[in-house]
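The values are calculated or read from the model by the stated rules, or taken from the named source; none is laboratory data. The model shown is predicted, which means the values in this text are computed figures rather than measured ones. In this analysis, Cβ positions are derived from the backbone assuming ideal geometry, glycine residues included, and neighbour counts consider all displayed protein chains. Just so you know, the surface numbers come from the protein's heavy atoms only, side chains and all, with ligands and any DNA or RNA stripped out. Shrake-Rupley method; radii C 1.70, N 1.55, O 1.52, S 1.80 Å.
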Amino acid sequence: MRKPLVAGNWKMHKTASEATRLFQQLSNSYDQSLAGVDMVVCPPFTSLRSAQVTLEFDSNTEIKIGAQDVHWEPQGAFTGAISAAMLKDVSCTYCIVGHSERRGYFGETDEMVALKAAALAQVGIVPIVCCGESLETREEGGALSFVTAQIRAALENISAEDAKAIVIAYEPIWAIGTGRTALPEQAEEVCNALRETLQELYGKEVADAIRILYGGSLNPGNVESFVAMPNIDGGLVGGASLVAEDFIVLLKAFS
Ligand code: 13P
């Protein structure tokens, strides 16, 4: 059985001091009813160290720390970039790669996403590999072929051994931050196609072990319908992860 995972992608929100308050609220809200779900918070780089200090030394919580991006080179003259080893050093165990905002606003290509995923796997950080189609692609009937191609490309340098631990996130671009979610059945259709692709790449045992998340306007009011879908193993949450009570409701729904 796959353990559900819910990750909060804070995007470019929260100063370091605001982030510390939210870590504390999450930590205080943590109880054993959440033990059945992996809880990951992905704050901006500037708050990772504070997350490490606040969360890692609180033995009552199992909150895991993730980053939102990484550079694929181990070190060097790459102004503004952060390496996988730097993330590891501040106790990151997860890192989002290939988010549609990075692809759309920062020109990230499938090749870059593949390099990033491999760099993370090399240091033992779990990549949360994102895919998702635009509204135009969906309306043309190309959603399944588009996202499965994104995932094939992203995993090009990932071995079957490393693949078992990775996480995939399906986030239709038209559902992100719009208040408009995919229908649970639409999301399930894509997640099922993604699992079939993973099976082609790595075999059934590995494909069955990989967690596939849905993301896009998930909130306490709509989460239950996604929980019921057999190929959806959790959520990647933007806006609702910035409010501790809402994020906890989403976690409880999947646990
Ligand atoms: P929202 O939950 O705000 O729609 O964002 C989803 C997302 O992009 C998470 O990575």
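With every protein chain left in place and a probe of 1.4 Å, what is the accessible surface of residue 109, to the nearest 10 Å²?
Near enough 50 Å² of accessible area.
Counting pairwise Cα distances across the chain, what percent come out greater than 22 angstrom? Mind dumping the intermediate values first?
Values: 16369 of 32385 pairs.
Roughly 51 percent, rounded to a whole number.
Under a GNM of the chain (C-alpha, springs under 10 Å), which listed residue has the highest mean-square fluctuation: 219, 28, 231?
Evaluated over the chain, the most mobile residue of the options is 28.
Please compute the alpha carbon radius of gyration of the range 67-159, then divide it by the globular-protein estimate 2.2 N^0.38 Å. Two decimals is fine. Could the numbers behind the result be given before it?
On the way: Rg = 13.8 Å, N = 93, 2.2 N^0.38 = 12.3 Å.
Normalised Cα radius of gyration, the range 67-159: 1.12.
Taking the range 151-233, which GluC sites (Glu not before Pro) meet the DSSP loop condition and have no more than 13 other C-beta atoms within 10 Å?
Values: sites: 156, 161, 185, 188, 189, 196, 200, 205, 224; in loops: 156.
Taking the range 151-233 and a limit of 13 other Cβ atoms within 10 Å, no loop GluC sites (Glu not before Pro) are found.
Which value, in debye to the nearest 20, gives the size of the charge dipole of the chain about its Cα centre, when Lys and Arg are +1 and Asp and Glu are -1 at the Cβ? Don't skip to the answer; put the middle values down first.
On the way: 19 positive and 32 negative charges, 108 e Å.
Taking the Cα centre of the chain as origin, the dipole is about 520 debye.
With a 1.4 Å probe and every protein chain left in place, work out the accessible area per residue of the range 163-252 in Å², rounded to a whole number. Don't jump to the answer; show the numbers that get you there.
Values: 3310 Å² over 90 residues.
Per residue, the range 163-252 has an accessible area of 37 Å².
Which percent, to the nearest 5, of DSSP beta bridges fully inside the chain are antiparallel?
Working: 0 of 30 bridges.
If I count the DSSP bridges inside the chain, around 0 percent turn out antiparallel.
Sort 58, 233 by heavy-atom solvent-accessible area, probe 1.4 angstrom, most to least. Don't jump to the answer; show the numbers that get you there.
Working: 58 40, 233 15 Å².
From most exposed to least exposed: 58, 233.
Which number do you get for Rg(Cα) / (2.2 N^0.38 Å) in the range 199-250? Can you show the working numbers first?
On the way: Rg = 13.3 Å, N = 52, 2.2 N^0.38 = 9.9 Å.
Against the compact-globule rule of thumb, the ratio is 1.35.
Quick one: length gained pulling residue 50 to residue 136 fully straight, 0.36 nm per residue minus the C-alpha distance? Don't jump to the answer; show the numbers that get you there.
Working: separation 86, 0.36 × 86 = 30.96 nm, distance 4.03 nm.
Full extension of this stretch gives 26.9 nm more.
Which lysines have a Cα less than 21 Å from the Cα of residue 64, not counting those fewer than 8 places away in the same chain?
3, 11, 14, 88, 116, 164, 252
Which residue, chosen from 170, 216, 151, occupies the Cα position most advanced towards the positive end of the dipole of the range 140-219, where the dipole is computed from +1 (Lys, Arg) and -1 (Asp, Glu) charges on Cβ about the Cα centre?
Going by the Cα projections, it comes out as 216.
Based on a Kirkwood Rh over C-alpha pairs, give the Stokes-Einstein translational diffusion coefficient of the range 1-74 at 10 °C and viscosity 1.306 mPa s in µm²/s.
Using the Kirkwood radius from Cα pairs, D works out to 123 µm²/s.
Quantify, in whole percent, the carbon and sulfur part of the accessible surface of the range 17-130 (1.4 Å probe; protein heavy atoms only).
Working: 2740 of 5260 Å².
Carbon-and-sulfur percentage of accessible area, whole number: 52.
Largest first, what is the accessible-area ranking of 183, 201, 22 with a 1.4 Å probe?
Numbers: 183 105, 201 70, 22 5 Å².
I get 183, 201, 22, largest accessible area first.
Counting other Cβ atoms within 10 Å, which chymotrypsin sites (Phe, Trp or Tyr not before Pro) in the range 1-107 have at most 16 and lie in a DSSP loop?
Values: sites: 10, 23, 30, 45, 57, 72, 78, 94, 105, 106; in loops: 10, 30, 57, 72, 78.
Those satisfying the criteria are 57, 78.
Along its three principal axes, how long is the range 130-255 when you only count alpha carbons? Whole Å, largest extent first please.
The Cα atoms of the range 130-255 stretch 38, 34, 22 Å along their principal axes.
Considering the Cα trace of the range 131-188, what is its radius of gyration and what is Dmax, both in angstroms?
12.9, 37
With all protein chains present and a 1.4 Å probe, how do 12, 39 order by accessible area, largest first?
The most accessible residue leads, giving 12, 39.
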